[in-house]
Each structure stands twice: as structure tokens, then as C-alpha cells.
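Asker: So that we are looking at the same thing, I have put the structure below in C-alpha cells.
Read the figures in this text as sums done on the coordinates, not as results from a lab. Only a predicted model underlies this, so the values are computations on that prediction, with no experimental measurement involved. So basically every Cβ, Gly included, is an ideal-geometry build from the backbone, and we count neighbours across all protein chains shown.
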Amino acid sequence: MTELELSVILLLSSFAIGFLGALSGLGGGSILTPILFLFLGVDLKYAMGSSLVAAIATSSGAAAAYVKEGYTNMRVGMFLELATTFGAIFGAYLAGMASKSFISMLFGLVLFQSAWMALKKKGGEEDGEASSDKDAEWLNLSGTYPTSAGKKAYGVHNVRGGFAVMLGAGCLSGLLGIGSGPMKVLAMDQLMRLPFKVSTTTSNFMIGVTAAASAGVYMSRGYIDPVLSAPVIVGVVGGSLIGARVLPKVRNDLLRKIFAGLIIFIGAQMIYKGCGGSL
């Protein structure tokens, strides 16, 4: 495969990844790593480096639109970034000591668990609770988001548990070369009980910061290749901007199915590859 052919494939696939990443809150990195590693034969470390770039690009493309439309909870995002950033730096250093098989299998298991938890919870167009617990009230983390009937208020719960999970999510970001979108969405949706659209959009806002913290380490080790990263950035930004326009029209139950379906497929492929299988 020539570099031109590879660039075209990456551009088209990255556009789709950016679109799905903007809808699901995965950030693109969770989807791009398996595509590069499993289907295009790119070395896993370079695939993870490009995926971090994709996560940053998705965040840059979608986050601004979501903030403007009122979906993103900036206070929750900035508070939880304290945990994910420290975890991401630690995880990036661990990545150099972990085997490819271990990383692949761990990635797959995390995604399977994420899919099960996403499908377990049901929610209509306007999910979320109006009340907050004491920690969330003290930090003033509650907010509103737009629905078909106008803006709806929602509360935040289990702030300490969410913060602890974000430490682990940040570590996974650095270790696996992703924006840890699945863990972030699930922590906000399941533990902190934010509306699903607020969880996915706030995750998109957060993943760029977390991925940037890890990307510096990967760049210093030479794992970010411009030939791979350039078409990824163009495609992902375009796709994420389109996805940001579509999200307000999509119901939460469909978003959960999209989220779960993507990560079940990816998780199965990564576990299979980690066990020594080949496509």
C-alpha cells in the first residue's frame, strides 16, 4: 500500500470515526487504535500515538459546538480533569513497560464492561435527576441542558466516586493510547447520574486535555508519525463537526446502542488479537 492510498483510507475512516466519536463521547481514539492496528497493520505504539491525536482533534472539533449549545458541563469537566490528567501522565509512562498482548486484552475487557453497563441503564430523551448531593452542591456542579421541551435542570451525585474513576480513566488513556472516553462517559452517566447527552458532550470536552497530557510522552518517544496523523486530524475534525450538529436530534436510547455496539466490536477484536489471533 502506497502512502497516498494509506492517506485516503485514513482520511475517510477518520471522518466516520470523528462523527461517531462526537455522538458517543468516545473521542475517536477508542475506534482508531483497532483500525490502525488490526486492519492496516500499524505497530500498536504508533497506532496509539495517532489515536491520541484523533482524540485531541475530536475534542477540538465537537467541544466548541457543544459548549455553545449548552450541553457541556464545564464545571464538571474541569473538576474531573484534575484526576484524568495526572492519571494519563502516569499511564503513558507505564505503556513503555507493558506488552502489546497485555494492552490489547486489557483494552478489550474494559470495553466489554463499558458496553454492558451502557446497555444496562435505560433512558429516554430527557434523563437525569434535578437534585444534587452535598458535595456537588458545595462545588456548584449542577446545570441545565437543552431538550425538545426547553432547558431542563439536572443534578450531580457521587462526586468522590466519579473523581476516583477518573484517575483510572486517565491512566487507561496513557496506557492504551485513547482518550478514555468509555470510562468517562460511564462514570458521569452511571456514578454521577448526569443526563447521557451531557455525559457524552462533557467527555468530548475532557478527552482533548487528557490525550494531550499523554501525547507529549508518546511524541518524545517518537510514536507520533506525521504520515499517519495528518489525514487523521483532517478527517476527524470534519466528522466531529457534523456529529455535533446531529447529536441534538438523536434520542438517548439510540446513543447508548451506538456507544455499546461500537465498543463491543472493538473489544472483541482487541481481545482476539491479544490472545494471538490474526484477522
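Asker: No solvent, one uniform scatterer per C-alpha: report log10 I(q)/I(0) for the chain via the Debye equation at q = 0.11, 0.14, 0.15 1/Å, two decimals.
Answerer: -0.54, -0.88, -1.01
Asker: Could you list which residues have their amide H under 5 Å from that of Lys152, counting only those 5 or more apart in sequence or on another chain, with H placed in the peptide plane?
Answerer: The answer is Tyr145, Thr147.
Asker: Please state the shape class of the stretch 138-255: rounded when a/c is under 1.5, otherwise prolate if a/b exceeds b/c and oblate if not, all from the C-alpha gyration tensor.
Answerer: Since a/c reaches 1.5 but b/c is at least a/b, the shape of the stretch 138-255 is classed as oblate.
Asker: Could you check the spin-label model distance between Met117 and Met97? Points 7 Å from the Cα along Cα→Cβ, value in nm.
Answerer: My value for the distance between the label points is 2.6 nm.
Asker: Still on this structure: Taking Cα atoms, how many degrees apart are the long axis of helix 3-24 and the longest axis of the chain, rounded to 10 and kept between 0 and 90?
Answerer: The angle comes out near 20 degrees.
Asker: So which of Lys134/Lys249; Lys45/Lys134; Lys120/Lys249; Lys249/Lys273; Lys68/Lys184 end up more than 31 Å apart by C-alpha?
Answerer: Lys134/Lys249; Lys45/Lys134; Lys249/Lys273
Asker: Here's a follow-up. For the stretch 37-157, with equal point scatterers placed on the C-alpha atoms only and solvent neglected, what are the log10 I(q)/I(0) values from the Debye formula at q = 0.15, 0.20 1/Å, to two decimals?
Answerer: Taking Cα atoms of the stretch 37-157 as identical point scatterers yields -1.01, -1.31.
Asker: If you don't mind, there's one more thing I want to ask. Each residue of the stretch 251-264 in turn: what ³J(HN,Hα) in whole Hz from Karplus with 6.51, -1.76, 1.60 and θ = phi - 60°, glycine and Pro shown as x?
Answerer: 6, 4, 5, 5, 4, 5, 5, 4, 4, 5, x, 4, 7, 5
Asker: Against the longest alpha carbon principal axis of the chain, how many degrees, from 0 to 90 and to the nearest 10, is the axis of helix 196-220 turned?
Answerer: 40 degrees
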